[in-house]
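Q: I have a structure I would like to understand better, so I am pasting it below and will then ask my questions one at a time.
The values are calculated or read from the model by the stated rules, or taken from the named source; none is laboratory data. Bear in mind the structure is a predicted one, so any value in this text is a computation, not a measurement. No Cβ is skipped: glycine too gets one built from the backbone with ideal geometry, and neighbour counts run over all protein chains shown.
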Amino acid sequence: MRRDTPSFVGEAQVAPFLLSLSTAPSPANRASPPAFCYRPAMTTSPQKLEPADAQNVTPMMAQYLEIKAGHPNALLFYRMGDFYELFFEDAEVASKTLGIVLTKRGKHQGEDIAMCGVPVVRADEYLQRLIAYGHRVAVCEQMEDPAEAKKRGSKSVVKRGVVRLVTPGTITEETLLEPTRANLLLAVARLRISDHEARFGLAFTDISTGEFGVSEADAPGLAAEIARLDPSEIVLAESVYEDGELGSLWRETRAAVTPVGRDVFDGAQAERRLAAFYNVGTIDGFGTFSRAELVAASGLVTYILRTQVGQKPALDPLRRDGASAHMAIDAATRTNLELLRTTSGERSGSLFDAIDRTVTAGGGRLLAQWLASPLVRPEAIMPRQDAVAFFAEQALLRGQIRTRLKSAPDIARSMARLALDRAGPRDLAALREGLAGIALLEGLLQRQTDLPPVVAAILTALARPDQSLAPRLTAALQEDLPLLKRDGGFVRTGFSAELDETRALRDESRRVIAGLQARYAEESEVRQLKIKHNNMIGYFVEVPQQAGEAFLQPGLRETYVHRQTMAGAMRFSTAELSTLESRIASAADRALAVELQVFADLAQALLADGAAIRAATEALALLDVIVALAVLADEENYARPLVDASLAFAIEGGRHPVVEQALKREGKPFVANDCDLTGEKSGAIWLLTGPNMAGKSTFLRQNALIAVLAQIGSFVPARKAHIGAVDALFSRVGAADDLARGRSTFMVEMVETAAILNQAGPHALVILDEIGRGTATFDGLSIAWAAIENLSAVNRCRALFATHYHELTQLTKKLPRLANATMRVTEWHGDVVFLHEVVPGAADRSYGIQVAKLAGMPAAVVERARTVLAQLEATDRQAPTAKLVDDLPLFAAAPRPAPQAAVKQKDELGEALDALDPNDMTPRQALDALFSLKAKRDTDKKR
Ligand SMILES: Nc1ncnc2c1ncn2[C@@H]1O[C@H](COP(=O)(O)OP(=O)(O)OP(=O)(O)O)[C@@H](O)[C@H]1O
């Protein structure tokens, strides 16, 4: 692809050059962003780019170096005419990431300067790619007309400045954002309470919609809170980033992590900075916030102002997003239950995908947020259920609302771009459609009676925006609109008399040119004479070369001034054409100026009503979600659950929301199953046995997912459900190897199971699927055994525990809260048939060999396995594990020590523990260490 010379003067040292682009990364096939952690020292090394070298470089390069020195941690997009250029290491990084060719331009300190560039018109595509790979980009624009620079002398350089830092958490462009995912920027501030204890303030915002929340967590709760919010970028002080104890958190998050200087989180400035940001005298009116929350919020706005270089996004006032009001779900559980994404990172196959019936991007984002943060308080859940129930009964109204919602554009993001002065005519059009849609929906809801409180609140919010805005936008805007306002042509004829006048002048000039061409052709007797235009020489007369010679002779040359001789043609200008040209140019300039003023006036009117429009937009998203949940309940035959503060968990005829739909697509039925963990008669912990493939995992997960759905306010896939609100949900599967983190299967299982046994309280719901399978039979059995005893005696929570260790079923004799359940199977001509039915009792056998046979194992191997099994069973009969239950004294767990006491008792055992690094251990070493710790502990007790 050949590029034109950049059209600015004073920088003639920039030669035209060749640049080839590989296939452009398309927004549609965007690769999912790799897990990364932003490395601050990634770009050009500073010693190479000392601005002090400026004496030895061209003025333009000196300017580049100075600007780059101010942004060492970002790739610098340096605007040159129609391209953004990157130099030095920035160019190398960008060319590798974007797949564009690296070229050279001039020398710096004797070495070639690497360079690559991206066309301004396609910058968004490239930005998207760079951001997805965790880079930050500083966008440096030309701040004056090149003609201005030229006036200062031919060598002078166009003024440039960085207008914006683009980072994963601060983007607003439609093309860079995923429509149904909130793009959260999270700031984490640490407040030390003592040497051993710290509180963390979390402040998060979605700049593209204006949402702004704060919350607080202690050290153990921080990871779960980050997993719940699932931010795109995390900003934190360098000291917090470098804290060894938190290291794994920053390494393992999907978000880009941006450490910043401590001044960003300056506690002494917090209130003042927040008040300045919101333009208020004091922030007391926003409510009461903890110190940690305020420091985080002020860090967040400080970072935003720095990345937006002074442009202030319109953010809602901060609001406490109480973590305690939400079900605690840690990262491993979220992954395991595939709430928003499957374990392989795709949306398809997740719970979100299965239940999402929303029709707007804002609704999709809100539903995802609800799924990420189910509620705990029944009095918060009930109003949502009432609203869903209201629409579940009204199919006709639902249909009318959805038709209107479908055509409503994503106006939250358009409003955000407007506030940042990044909006274009199409954003105004989106607001025109959006506001008109809001008015229609308001009318529709107004005609209904007996609205439940949530729907009544939606109606009030929809009525808030200024009703005159939509008609005003309709009157001002054309139907077909350009992307950029600087292209003009978006204001409707008839809206502005001044604009219509200048446009008439421009159109009339065109007619004059046509007349002039006819006259010139007649006078010169050259019929092929044409008047044309290009950007280099403006309007000119073009004639075939042979005819052109006559124009150089007296008679014609007085009128026609020679400009260019081309292959086969000659070009001339005339005084009349020059006059016309300047008239046309000034008419076009004037027309554009009027259009930009119209744009600015409309933008101002919309922003003045910003709070009302944002409230109406939020109401629109809420309406979409509520109606979508009603559609889901109707389509999939879900029932309204009873959620209260009890410890009940009684599901009748429960189904797995994702598996059920998958089976339905194949025309297969799903077998519904009951689950009662209420505890009085049924047992609060169910030990589930049954062969592989019988449906154990499906049953376990369906109950966890039913709890999640019930607590977001949705109806659930069951005939009837009574759920005592779950405050924490844990789900673990006998782990697969987690080689990426350098841990073995067994270690992962132990770390994760330990987390549950340490944290689950009486209102928790715990799902454990084949815990202990990652190690030798007896080790695994013993650990599973001890874990069940702990769950029953210490955690006293509701739990489902699937296992292949049939020996464990004996435990019900000793543990009254434990009940056995099994997957019913039957045999047919020697083959196992799965009935997918959960019934009380224990599996009599594993059917492992039958399943192997079903899987196509060679007949000889199956036969041999039968023989070995017979032998093993004979041996077990001589020393049955069942006897153990009678022999072993009942589990006696020590009460959990208070954290304070634990710190004080730092002893030999603690030191031995400190010396261990589980990440560096093999399973064998971990086991050895566990035994040696236990031995040490036993010795201590005897002392
Ligand atoms: N209730 C059900 N109704 C109909 N089909 C079901 C049901 N439960 C499970 N299935 C089907 O059986 C398959 C196996 O289920 P699942 O993975 O839960 O078995 P499992 O007992 O956990 O097996 P493994 O021990 O091998 O993990 C599922 O993919 C699903 O197609």
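Q: Among residues belonging to the stretch 703-716 that are outside any loop (DSSP other than H, G, I, E, B) and not aliphatic (A, V, I, L, M), point out the one that is nearest to the ligand (Cβ to nearest atom).
A: N703
Q: May I pose another question? Write out, first by first residue and then by second, each pair whose Cβ atoms fall under 9 Å of each other, whose residues are 6+ apart or on separate chains, and whose first residue, in the stretch 89-100, is assigned to a helix (DSSP H, G or I) while the second is of a type in the set (K, R).
A: Partner pairs satisfying both residue conditions: E89/K48; D90/K68; T97/R129; L98/R129.
Q: Does S407 qualify as being touching a residue at least 24 places away in the same chain (Cβ under 8 Å), of a type in the set (S, T, Y) and more than 17 Å from L451 (Cβ to Cβ)?
A: Considered against the rule, which asks whether it is touching a residue at least 24 places away in the same chain (Cβ under 8 Å), of a type in the set (S, T, Y) and more than 17 Å from L451 (Cβ to Cβ), S407 comes out as yes.
Q: Would you confirm whether or not the stretch 578-592 contains a residue that is surrounded by fewer than 17 Cβ atoms within 10 Å (Cβ to Cβ), among the small types (G, A, S) and more than 28 Å from L477 (Cβ to Cβ)?
A: yes
Q: Right, next: Taking only pairs six or more apart or across chains, which ones have beta-carbon atoms under 7 Å, a first residue in the stretch 297-312 that is more than 16 Å from V137 (Cα to Cα), and a second residue that is among the hydroxyl-bearing types (S, T, Y)?
A: L300/T205
Q: Another question, then. Among A684, A603, A650, which is the only one that is over 16 Å from V716 (Cα atoms) and touching a Lys or Arg at 6+ places or on another chain (Cβ under 9 Å)?
A: Exactly one of A684, A603, A650 is over 16 Å from V716 (Cα atoms) and touching a Lys or Arg at 6+ places or on another chain (Cβ under 9 Å), namely A684.
Q: May I pose another question? Could you please let me know if D316 is of a type in the set (D, E, K, R) and modelled with pLDDT under 95?
A: yes
Q: Oh, and also: Taking the stretch 722-731, which residues are part of a strand (DSSP E or B) and under 27 Å from A331 (Cβ atoms)?
A: I723, G724, A728, L729, F730, S731
Q: Right, something else. Among the numbered criteria (1) touching an Asp or Glu at 6+ places or on another chain (Cβ under 8 Å); (2) under 24 Å from Q369 (Cβ atoms); (3) away from the ligand (no atom under 12 Å from the Cβ), which one does I651 miss?
A: (2)
Q: I want to confirm something. Restricting to the stretch 660-696 and keeping residues that are among the β-branched types (V, I, T) and touching a His at 6+ places or on another chain (Cβ under 9 Å), which single residue is farthest from the ligand (Cβ to nearest atom)? Reasoning before the result, please.
A: Here is the first cut: in the stretch 660-696, the residues among the β-branched types (V, I, T) are 671, 678, 685, 689.
Still in the running and touching a His at 6+ places or on another chain (Cβ under 9 Å): 671, 678, 689.
On the way: V671: 4, T678: 21, T689: 10 Å.
So, considering only residues that are among the β-branched types (V, I, T) and touching a His at 6+ places or on another chain (Cβ under 9 Å), the one farthest from the ligand (Cβ to nearest atom) is T678.
Q: Only one of (1) surrounded by fewer than 23 Cβ atoms within 10 Å (Cβ to Cβ); (2) more than 16 Å from the ligand (Cβ to nearest atom); (3) at pLDDT below 95 is not met by K720, so which one is it?
A: If we test K720 against (1) surrounded by fewer than 23 Cβ atoms within 10 Å (Cβ to Cβ); (2) more than 16 Å from the ligand (Cβ to nearest atom); (3) at pLDDT below 95, just (3) comes out false.
Q: A645: more than 16 Å from the ligand (Cβ to nearest atom), exposed (fewer than 14 other Cβ atoms within 10 Å of the Cβ) and modelled with pLDDT under 95, yes or no?
A: So A645 passes the test.
Q: In the stretch 619-632, is there at least one residue being within 16 Å of the ligand (Cβ to nearest atom), under 25 Å from L340 (Cβ atoms), under 35 Å from the mean Cα position of the chain (by Cα) and acidic (D, E)?
A: The answer is no; no qualifying residue exists.
Q: Hey, another quick one. Restricted to the stretch 412-430, and to residues that are touching a residue at least 60 places away in the same chain (Cβ under 8 Å) and closer than 15 Å to E618 by Cβ, which residue is farthest from the chain's Cα centre (by Cα)?
A: Ranking the qualifying residues of the stretch 412-430, first place goes to M415.
Q: What residue, of R404, R384, is modelled with pLDDT under 95, buried (at least 17 other Cβ atoms within 10 Å of the Cβ) and either of a type in the set (S, T, N, Q) or part of a helix (DSSP H, G or I) (or both)?
A: After ruling out the rest, the residue left standing is R404.
Yes/no per residue for (1) acidic (D, E); (2) at pLDDT below 85:
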{"site": "C37", "(1), (2)": "no, yes"}
{"site": "T43", "(1), (2)": "no, yes"}
{"site": "E50", "(1), (2)": "yes, yes"}
{"site": "Y64", "(1), (2)": "no, no"}
{"site": "N73", "(1), (2)": "no, yes"}
{"site": "M80", "(1), (2)": "no, no"}
{"site": "F83", "(1), (2)": "no, no"}
{"site": "F87", "(1), (2)": "no, no"}
{"site": "S95", "(1), (2)": "no, no"}
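Q: Looking at G117, G134, G161 in this structure, which one is in the same structural domain as T97 (by TED's automatic domain parsing), touching a residue at least 40 places away in the same chain (Cβ under 8 Å) and under 16 Å from the mean Cα position of the chain (by Cα)?
A: Working: G117 fails: under 16 Å from the mean Cα position of the chain (by Cα); G161 fails: under 16 Å from the mean Cα position of the chain (by Cα).
Of the residues listed, the single one that is in the same structural domain as T97 (by TED's automatic domain parsing), touching a residue at least 40 places away in the same chain (Cβ under 8 Å) and under 16 Å from the mean Cα position of the chain (by Cα) is G134.
Q: Output the residues belonging to the stretch 753-774 that are buried (at least 21 other Cβ atoms within 10 Å of the Cβ) and either modelled with pLDDT under 75 or not acidic (D, E) (or both).
A: Within the stretch 753-774, T753, I756, A760, A764, L765, V766, I767, L768, I771, G772, G774 qualify.
Q: Tell me, which residue of the stretch 525-552 that is assigned to a helix (DSSP H, G or I) and not acidic (D, E) is nearest to A567 (Cα to Cα)? Please lay out each step first, then the result.
A: Quick first cut of the stretch 525-552, residues assigned to a helix (DSSP H, G or I) only: 545-551.
Restricting the remaining residues to those that are not acidic (D, E) gives 545-548, 550-551.
On the way: Q545: 8, Q546: 11, A547: 13, G548: 12, A550: 17, F551: 17 Å.
It comes out as Q545.
Q: Exactly one of (1) free of Cβ contacts under 8 Å to residues at least 24 places away in the same chain; (2) touching a strand residue (DSSP E or B) at 6+ places or on another chain (Cβ under 9 Å) is unmet by K151. Its number?
A: Of everything listed in (1) free of Cβ contacts under 8 Å to residues at least 24 places away in the same chain; (2) touching a strand residue (DSSP E or B) at 6+ places or on another chain (Cβ under 9 Å), K151 misses just condition (2).
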